[in-house]
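The block underneath contains the structure these notes are about, expressed in structure tokens.
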Amino acid sequence: MPVEPWQLQPARDTGLTPAERFRSVRRESGLLESVAQQACFSLLRIYFAIAHRLTISGREKLPAHGPFVLAANHCSHLDALVLGAALRPRHRERAFPIAAGDVFFQTTAVSVFSAIMLNALPMWRKNCGPHALAELRRKLQEERAIFIIFPEGGRTRTGSMMPFKHGLGMMVAETNVPVVPCGLVGTFEALPPNRKVPRPMRIKLIIGQPLKFAATPNNREGWSQIARSLESSVRELAAQ
């Protein structure tokens, strides 16, 4: 059987300045960034185990490899850190929390921390149009990425879940990418929006059965169906 010639492909973030690269969905991790992320999440696992007595139920339901999406309720800035800490080491290099660009990518210092330590990708809420979501959809499938997403679009200010928005549906409709519903309990009490320092409250993460939406049409009706299905699953898990 003939062997196809090996072709060198330039990195997708070639040509971007450092500032542009940190804020770009096309960003690719290098060796130093991968080491920094592994160290960061190892420390986070220790912190959550000691300070918040974190318990994780259903980790065995996570797919063995990407692409897949973790979708959870959003109560606190701790949420993405908890979900990242729950991933296996083999998952973390391709795991990207989708973070609010107007919060985590506004200044150079915060952008560097978000990109290098957390591997976060920006979602610019004021101009998040179809083009931005199409780029995330491409990255998810072609790069076998793992996204951490909060479909409410922002943190709750009351502790009660808000309705899920359609953006996630635009990324996964008519694909075989599994979406894993997750319920977070205790992060609102540990770090509500009006606090800057976490309280040592117990946190629980419940991971549900992965859902697929290959048969769901990639249109507004399909996106709404995905949002309703995921919201129902996450509400059930977060109530446990």
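With respect to (1) on the phi > 0 side of the Ramachandran plot; (2) in contact with a helix residue (DSSP H, G or I) (Cβ under 8 Å, 6 or more places away or on another chain), the lone exception for G186 is condition (2).
On inspection, P198 qualifies as modelled with pLDDT of 95 or more and either more than 16 Å from A238 (Cβ to Cβ) or surrounded by 13 or more Cβ atoms within 10 Å (Cβ to Cβ) (or both). Going through (1) in contact with a helix residue (DSSP H, G or I) (Cβ under 7 Å, 6 or more places away or on another chain); (2) part of a loop (DSSP other than H, G, I, E, B); (3) not polar (S, T, N, Q) one by one, P192 falls short only on (1). If the condition is being closer than 30 Å to L211 by Cβ and aliphatic (A, V, I, L, M), then region 35-66 contributes L44, A49, L54, I56, L62, A64. Screening S57 against (1) crowded, with 18+ Cβ neighbours inside 10 Å; (2) closer than 26 Å to N176 by Cα; (3) over 11 Å from the mean Cα position of the chain (by Cα) leaves a single unmet condition, (1). Taking the numbered list (1) part of a helix (DSSP H, G or I); (2) out of contact with any helix residue (DSSP H, G or I) (no Cβ under 7 Å at 6 or more places or on another chain); (3) surrounded by 20 or more Cβ atoms within 10 Å (Cβ to Cβ) in turn, E221 passes all entries but (3).
Confirm whether E174 is surrounded by fewer than 19 Cβ atoms within 10 Å (Cβ to Cβ), touching a Cys at 6+ places or on another chain (Cβ under 9 Å) and either small (G, A, S) or at pLDDT 95 or above (or both). Spell out how you get there, then give the answer.
Values: surrounded by fewer than 19 Cβ atoms within 10 Å (Cβ to Cβ): yes; touching a Cys at 6+ places or on another chain (Cβ under 9 Å): no; either small (G, A, S) or at pLDDT 95 or above (or both): yes.
Judged against the criteria, E174 is not a match.
Scanning region 37-93 for residues that are more than 21 Å from V197 (Cα to Cα), assigned to a helix (DSSP H, G or I) and in contact with a strand residue (DSSP E or B) (Cβ under 8 Å, 6 or more places away or on another chain) turns up R59, K61, A86, H91.
Pairs meeting the criteria (first residue in region 216-240 and closer than 16 Å to C75 by Cβ, second residue loosely packed, with under 14 Cβ neighbours inside 10 Å, beta carbons under 8 Å, at least 6 apart or on different chains) are E231/P163. Of the residues in region 215-229, not one is of a type outside the set (K, R) and on the phi > 0 side of the Ramachandran plot.
The values are calculated or read from the model by the stated rules, or taken from the named source; none is laboratory data. Remember, it's a predicted structure, so these values are computed and weren't measured experimentally. Methodologically, a virtual Cβ is constructed for each residue, glycine included, from the backbone with ideal geometry; neighbour enumeration extends over all protein chains shown.
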